[in-house]
Amino acid sequence: MATFFGEVLSVYSRAVEEDEEDLQENEEDEQIRRELEEKREVHLQWSPEVSESLKSGNKLQCTDFILAVGHNAARFLSVYVLTSANWDAVGHASVWNERSRAVSGQTSEESACVFYRQKDNPSVLICQVTCYIAEDQLFQWTERVFECLQLRELNVTVLSDSSVAEYKTADYLCCSSAPFLRSLHTGAFSGKPVCQSLEQPNIVTGLPAAVLNHCEVHRIATVVYQCYSDVIGPDSVTMETYKPALTKLGKSIQLDPSPSTDVLRKFARNNVQSNLYI
């Protein structure tokens, strides 16, 4: 800057400082974003035996993969399948997001997304998912689980909970028969579903939809059974609705025809609340 007398003065520019502050803020924002992305990554932890096999390049030899999403679907497997001593917990998925909640003595992700393998027939794998998986984590979860499985001759069965309030139909009497099943399957699925197909404009969402899309792209035989219930929380009637879906699997899965009262009391509650009119 020049004065009237021709003297040149150095002038402090606030714009330079603002540019430096913006750059610093952008770098901090980018660092926070990277840390958040890393924290939201889906991680699979397998048992030592399975981990060693995967590190050697051997994928899990799986012919039947049963995925239960939701409390009633997961507890159905706990009551009718996993009560026998014929299953080993072989891994779990760690999922952190804005709705993750820790429980005493165990992280929420460890208790809410667990894999089990049948002892007599290791080609049968079960996964129970009762935690929330965010939209940006669905693709990660699906990719990382299926890249551990041998896809040849793989059959996938998905059991999924849904509220009857989300079921769209012109026949309102249909909802009065809740709980009931509806199905969707991939083009590679050659079997006959145990219930009628899900009518338009109804859709499946969340993890079941992500798995169905993945299996359609990779031509994996997959069927999703969505149970519409008018009850909030786990209950024995809703659990039983899933029975026909696994009966079709024959010898792969043995259902307990009459679980004990103690088992039912542990996984289902007697005082249920209807949400049909919510």
Seminar exercise, completed: Checked against (1) within 16 Å of Asn72 (Cα to Cα); (2) without any contact (Cβ under 8 Å) to a residue 60 or more places away in the chain, Thr238 satisfies every condition except (2)
Problem set entry | Selection status of Ser123, touching a residue at least 60 places away in the same chain (Cβ under 8 Å), more than 26 Å from Val50 (Cβ to Cβ), in contact with a Cys (Cβ under 8 Å, 6 or more places away or on another chain) and open to solvent by less than 50 Å² (accessible area, probe 1.4 Å) | no
Problem set entry | Residue count for the stretch 77-98, restricted to those that are more than 20 Å from Leu249 (Cβ to Cβ), touching an Asp or Glu at 6+ places or on another chain (Cβ under 8 Å) and not in a loop (DSSP other than H, G, I, E, B) | 3
Seminar exercise, completed: Taking first residues from the stretch 141-164 that are among the β-branched types (Val, Ile, Thr) and second residues anywhere that are assigned to a helix (DSSP H, G or I) and open to solvent by 10 Å² or more (accessible area, probe 1.4 Å), the pairs with Cβ under 7 Å that are 6 or more apart or on different chains are Thr142/Ala210; Thr142/His214; Val164/Cys175
Exercise. Before we move on, is Thr142 in a strand (DSSP E or B) and modelled with pLDDT of 95 or more?
Worked result: no
For this session: Please note which helices (runs of 4 or more DSSP H) are completely contained in the stretch 163-278 and include at least 2 residues that are at pLDDT below 80 and open to solvent by 30 Å² or more (accessible area, probe 1.4 Å).
Result: 261-267
Seminar exercise, completed: Of the residues in the stretch 74-97, those that are open to solvent by 10 Å² or more (accessible area, probe 1.4 Å) and touching a His at 6+ places or on another chain (Cβ under 8 Å) number 1
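The values are calculated or read from the model by the stated rules, or taken from the named source; none is laboratory data. For clarity, every value in this text was computed on a predicted model and none was experimentally measured. Virtual Cβ from ideal backbone geometry, glycine too; neighbours counted across all protein chains shown. Please note that ligands, DNA and RNA were not included when accessible areas were found on the heavy atoms of the full protein model with its side chains. Shrake-Rupley method; radii C 1.70, N 1.55, O 1.52, S 1.80 Å.
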